[in-house]
1. Among the residues of the range A:124-134, count how many are assigned to a helix (DSSP H, G or I) and without any contact (Cβ under 8 Å) to a residue 24 or more places away in the chain.
2. From the set of residues in the range B:88-110 that are more than 7 Å from chain A (Cβ to nearest Cβ) and in contact with a helix residue (DSSP H, G or I) (Cβ under 6 Å, 6 or more places away or on another chain), which is surrounded by the fewest Cβ atoms within 10 Å (Cβ to Cβ)?
3. Assess whether A:S25 counts as being modelled with pLDDT of 95 or more, more than 13 Å from DNA strand C (Cβ to nearest atom) and surrounded by fewer than 17 Cβ atoms within 10 Å (Cβ to Cβ).
4. B:D31 - would you say it is without any contact (Cβ under 8 Å) to a residue 60 or more places away in the chain, surrounded by fewer than 19 Cβ atoms within 10 Å (Cβ to Cβ) and within 16 Å of DNA strand C (Cβ to nearest atom)?
5. Output yes when any residue across the range B:44-51 is more than 14 Å from chain A (Cβ to nearest Cβ), out of contact with any Asp or Glu (no Cβ under 7 Å at 6 or more places or on another chain), among the aromatic types (F, W, Y) and free of Cβ contacts under 8 Å to residues at least 24 places away in the same chain, and no when none is.
6. Take the range A:111-124 and flag every residue that is surrounded by fewer than 20 Cβ atoms within 10 Å (Cβ to Cβ) and facing chain B (nearest Cβ under 7 Å).
Number of protein chains: 2
Amino acid sequence: MATQQLTKNQSLVLDALTHAEGPLSAYTILDKLRDHGFRAPLQVYRALDKLLEFGLIHRLESMNSFVACAHPDHHHHHDHGVTAFAICEDCGQVTEMHDEGMEERLSVLASKQHFKTEKTTIEIRGHCQNCTAE
Amino acid sequence: MATQQLTKNQSLVLDALTHAEGPLSAYTILDKLRDHGFRAPLQVYRALDKLLEFGLIHRLESMNSFVACAHPDHHHHHDHGVTAFAICEDCGQVTEMHDEGMEERLSVLASKQHFKTEKTTIEIRGHCQNCTAE
DNA sequence: TCAATTGCGTTATGCTATAACGTGTGGCAT
DNA sequence: ATGCCACACGTTATAGCATAACGCAATTGA
């Protein structure tokens, strides 16, 4: 299963996210890509939907924005487990975290309620190391 | 520290959420309260902000909606730790969950990054017990 | 009394996301 | 080749979520 072949629009959107300092909103991406022929929000949203599907980007629910996936292993576009995000409210930097123990706790919590999990969102808002230094 | 005295608007919004089956969006609340004199979104959002501050309601980031807090002990409006929400995509029901082990894992994760946590969002989307029964 | 604070109401605006329509292209079975 | 299908694309319009900015009224406290 080779790396998914991306369309022009999808590549442009992924590049924008990859080269960005932090998460971008769909409309910010639109503005960045106007010079490349983007005119309407749907062009961005359609590309974002596909990139999410391929596992190449993440959506940050707490800020209606998107980030490129930090993982280098983009060869399999199946889940690599639950991802937690640490989002710095000062500099906007996002750190992607994975933890087996946490997945285990979540799994236990869900099964206690007989709840069938489809997708899990974990977002920690706060201040990163750099921005905490006074 | 007695229970916070609420204004008329705040009470109306809290009542709407308390009596609702599931989470409500701000505009849905607005519609429900038109008969009580509500005319504009800001009337709702201002009440929601205060209720969030008092810890009487929660915001569900993944669906831009709000729910009444399930806790009976509304006397202290400080944090009662991290809350995880199980959100059923079929019936919309929301279950509030608290778990010490979970908080511990998150705390460890954050400290590994030297990250200072302000607020944590955990939302599990899926299907509740009732809606899973075929 | 006067100033400061807080909640309120209103209008206007901005940001986020999708519906609905039509076009073009490439694969592929007939 | 022809016809069909799936998919990406472009465009316009609209729906849904959230806040800025203004001014008024009531409350509190020096």
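1. Residues in the range A:124-134 being assigned to a helix (DSSP H, G or I) and without any contact (Cβ under 8 Å) to a residue 24 or more places away in the chain: 2 in total.
2. B:D90
3. Answer is no for this residue.
4. yes
5. There is at least one residue in the range B:44-51 that is more than 14 Å from chain A (Cβ to nearest Cβ), out of contact with any Asp or Glu (no Cβ under 7 Å at 6 or more places or on another chain), among the aromatic types (F, W, Y) and free of Cβ contacts under 8 Å to residues at least 24 places away in the same chain.
6. Listed by number, the residues that qualify are A:Q113, A:H114, A:K116, A:T117, A:E118, A:K119.
Residues checked against (1) among the polar types (S, T, N, Q); (2) within 16 Å of DNA strand D (Cβ to nearest atom):
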site	(1), (2)
A:R34	no, yes
A:P41	no, yes
A:V44	no, yes
A:L52	no, yes
A:C91	no, no
A:T120	yes, no
A:I124	no, no
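The values are calculated or read from the model by the stated rules, or taken from the named source; none is laboratory data. None of the values given here were measured: they were computed from a predicted structure. Ideal geometry is used to build each Cβ from the backbone, glycine not excepted, and the neighbour counts take in all protein chains shown.
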